[in-house]
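The values are calculated or read from the model by the stated rules, or taken from the named source; none is laboratory data. These numbers were taken from a predicted model, which means no experiment stands behind them. Methodologically, a virtual Cβ is constructed for each residue, glycine included, from the backbone with ideal geometry; neighbour enumeration extends over all protein chains shown. For accessibility, only protein heavy atoms count, side chains too; no ligands or nucleic acids. Shrake-Rupley method; radii C 1.70, N 1.55, O 1.52, S 1.80 Å.
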Amino acid sequence: MNPIELSLFASRLDAVCDEMGAVLRNAAFSTNIRDRLDFSCAVFDAAGGLCAQAAHIPVHLGSMAFAMTDLVAREQWSPGDMVILNDPFLGGTHLPDITLIAPVFVAGKRVAFVVNRAHHADIGAAAPGSMPISSSLHEEGQVIPPRHLIREGRLDEAWLTGLVAAIGDASDARGDFMAQVSANHAGVARLRSLIGNLGVGRFREGLVELNAYGERLARQGLAGLPQGGYAFTDCMDDDGQGHLDIPLCVRVQVDAAGVAVDFAGTASQVAGNINCPLAVTAAAVFYVFRCLMPPQTPACAGALRPIRLTAPRGSLLNACPPAAVAAGNVETSSRVVDLVLGALAQAAPERIPAASQGTMNNLAMGRTEPGATWGYYETLGGGMGAGATGGGWSAVQTHMTNTLNTPIEVLETRYPVRMRHYGLRRGSGGAGRRPGGDGLVREFEFLAPAQATLLSERRRHRPWGAAGGLPGAAGCNRLNGEPVPPKASLVVRAGDRLRIETPGGGGWGRMNGTAAEE
């Protein structure tokens, strides 16, 4: 392919992912998928190598790219099949993220896969929202090892009915599953059309060229990092089970072969649910280095070839089953980004921003009593870290998440909740030549009794500044004015108010040539 043909080829693959996402959003029932856009879509080759992805959620997409080769090799595939899974230790992330994989056959040959992953606000945990303060994977909901949901075009209706029955908010659940099925059907149809126009041989040649191009651009972007070793340490606030200040360690080695990222020294897996499967850790690492590549770098397996990753088995960042992982996917992945960026800031301070809020500020709530069943989940934005070329943005989702907020009108229409305050947390960004972005304040008033769960970070340790900039403010949670721990399960009454103030981003650079002052 000449350069123009290759660019069109890459764009058409991206468009398949975009259309899958549009179908999924428009067909979904739940607020979490339809309004917050907590889903991701991608295309893989016949062996499970990444070919393209939409601009969806980094923690979904990077973990898919890491795990798909093993998933593809594990199953027997036929035309019309669709495999479902959520097991974090067999290719998933955490249990609410449910993945559907469909092969693409042309003229009897398997040539590709389409995949989508969506966060279901309820997957059958005892706590509404299925993000509990857990100490075992099996406390977090229904575990789905890879299995056929559809085999040769026939839906396993009995199994799906049983799964939906085990989920608290069954009215939305079935609709969301079928929306995911529809998205994969759309992806298969569009990809078959593309391959039909090109021919199977030409399509495969295009993928080879695309991966070679992606690798060239990736190495070009990474060549700007000085060769050497760079180490950094950070820590998680707590695990929700009484363990505080849990260390995270990384060493990034930059050499002519690429980059090697080693998490030796990181704490062992913990009793709480901040543990990460290795696929989630890999997603955070891939994300950081993808940000250093030229913007036109295609999202393909070739772009990931220069990156090598190791983490001690049984550690917080390479946990073993049945470790609890509900918050690892959201909270720990965010902090892995901070960790790797902290190491790279020593190598290229002008290219690396200060720490962003370092948390997704997860809130799950609802009731599970007969006649009053409802469940809701959202993540909250915060401050973005500043960089050499500009200050951090305020009240945005940063790094590993890319979801929207839930509009107040939707929240108050569907759930017994009133929004009492929603605005910027002024002054929470770190000072510096470039100031960090401010966090936000979101205050909920409950109109009926409910159970709520908070999974948050950066309440004890502030997001660090860079190049002499000051850290952002730590976040805080309050119920009726009283402090609430970073990770907490709450029973609330009608009239209670839950206020969440999210962290600000770190500042970048010294002010007026001197160190910034508190």
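Net charge within 12 Å of V72 by Cβ-Cβ distance, Lys/Arg positive one each and Asp/Glu negative one each, not counting V72 itself? So the surrounding residues net to -2.
Sequence-ordered 3J(HN,Hα) estimates for the range 438-445 from the Karplus curve with 6.51, -1.76 and 1.60 and θ = phi - 60° stand at 7, x, 10, 10, 9, 10, 9, 10 Hz, glycine and proline given as x.
Rounded to the nearest whole angstrom, the semi-axes of the ellipsoid equivalent to the range 381-518, taken from the Cα gyration tensor as √(5λ), stand at 32, 15, 11, largest first. Per DSSP H run of n ≥ 4, the term is -39500 (n - 2.57); total these for the chain, divide by its residue number, and report the mean residue ellipticity at 222 nm rounded to 500 deg cm²/dmol. So the helix-based figure for the chain works out to -9000 deg cm²/dmol.
With the contact rule set at Cα under 8 Å and sequence spacing of 6 or more, what percent relative contact order holds for the range 6-83? Relative contact order for the range 6-83 comes out at 25 percent. Extension gain, A260 to R414: 0.36 nm times the residue separation minus the Cα-Cα distance gives 50.7 nm. The 3J(HN,Hα) values that the Karplus relation (6.51, -1.76, 1.60; θ = phi - 60°) gives for the range 458-468 are, in residue order, 6, 9, 9, 10, 6, x, 6, x, 10, 6, x Hz. Gly and Pro appear as x. The per residue volume of the convex hull around the alpha-carbon atoms of the range 165-303 is 178 Å³. Distances between placed amide hydrogens fall under 5 Å for V104 paired with V111, A112, F113, V114, all partners being 5 or more residues away or on another chain. For the range 382-488, the relative contact order comes to 26 percent (Cα pairs under 8 Å, sequence separation of at least 6). Taking the Kirkwood radius as Rh and the Cα radius of gyration as Rg, the range 99-247 has a ratio of Rg/Rh equal to 1.10. Dipole magnitude for the chain: about 760 debye, using +1 per Lys or Arg Cβ and -1 per Asp or Glu Cβ, origin at the Cα centre. Using the Cα coordinates of the range 194-260, the gyration tensor eigenvalues translate into equivalent-ellipsoid semi-axes of 41, 22, 7 Å, sorted from longest to shortest. Set against the 2.2 N^0.38 Å expectation for a compact globular protein, the chain has a Cα radius of gyration ratio of 0.94. Note on F203: accessible area is roughly 0 Å² with a 1.4 Å probe, heavy atoms of protein only. Relative to its Kirkwood radius, the Cα radius of gyration of the range 178-217 gives an Rg/Rh of 1.15.
For the range 55-140, what does the alpha-carbon gyration tensor say about shape, rounded, prolate or oblate, given a ≥ b ≥ c as the root eigenvalues, a/c under 1.5 as rounded, and a/b over b/c as prolate? Cα axes put the range 55-140 in the prolate bin.
Once you divide the Cα radius of gyration of the range 11-70 by 2.2 N^0.38 Å, the number left is 1.14. Accessible area ranking (1.4 Å probe, heavy atoms, ligands and nucleic acids excluded), largest first, for S428, S11: S11, S428.
Here the average projected area of the convex hull drawn through the C-alpha atoms of the range 1-106 stands at 7.5 nm². Once the Cβ-Cβ distance of A348 and S193 is raised to the sixth power relative to R0 = 51 Å, the FRET efficiency obtained is 0.75. Counting only the Cα atoms, the range 240-387 fills a convex hull of 156 Å³ per residue. Would you work out which of N362, L411, A450 lies farthest towards the positive end of the dipole of the range 319-463, given +1 charges on the beta-carbon of Lys and Arg and -1 on that of Asp and Glu, about the Cα centre? It is N362, whose Cα lies furthest towards the positive end.
Using the Kyte-Doolittle scale, find the helices of the chain whose mean hydropathy is at least 0.0 and whose Cα atoms extend 27 Å or more along the helix's long axis, counting only whole DSSP H runs. Span-like helices, by this rule, are 3-27, 170-198. Multiplying the residue separation of H138 and A55 by 0.36 nm and subtracting their alpha-carbon distance yields 26.7 nm. Near the amide H of V484, within less than 5 Å, lie the amide hydrogens of N477, R478, L479, all on another chain or at least 5 residues away, with H placed in the peptide plane.
Here's how it looks for H421: its modeled amide H is under 5 Å from those of E443, which are all 5 or more places away or on a different chain. Dipole of the chain computed with +1 at Lys/Arg Cβ and -1 at Asp/Glu Cβ about the Cα centre; of L424, L155, G391, farthest Cα towards the positive end is G391.
Protein heavy-atom accessible surface, 1.4 Å probe, per residue over the chain: 36 Å². Note on the range 357-453: Kirkwood radius taken over Cα pairs, Stokes-Einstein applied at 4 °C and 1.567 mPa s, translational D equal to 88 µm² s⁻¹. May I ask you to derive the FRET efficiency for A494 and A73 from their Cβ-Cβ distance with R0 = 45 Å, giving the value to the nearest 0.05? That pair, A494 with A73, gives E of 0.30. The mean sequence distance of close C-alpha pairs (under 8 Å, at least 6 residues apart), as a share of the length of the chain, puts its relative contact order at 14 percent.
Legend: calculated FRET efficiency, K109 to W159, from the Cβ-Cβ distance at R0 = 35 Å, rounded to 0.05, equals 0.75.
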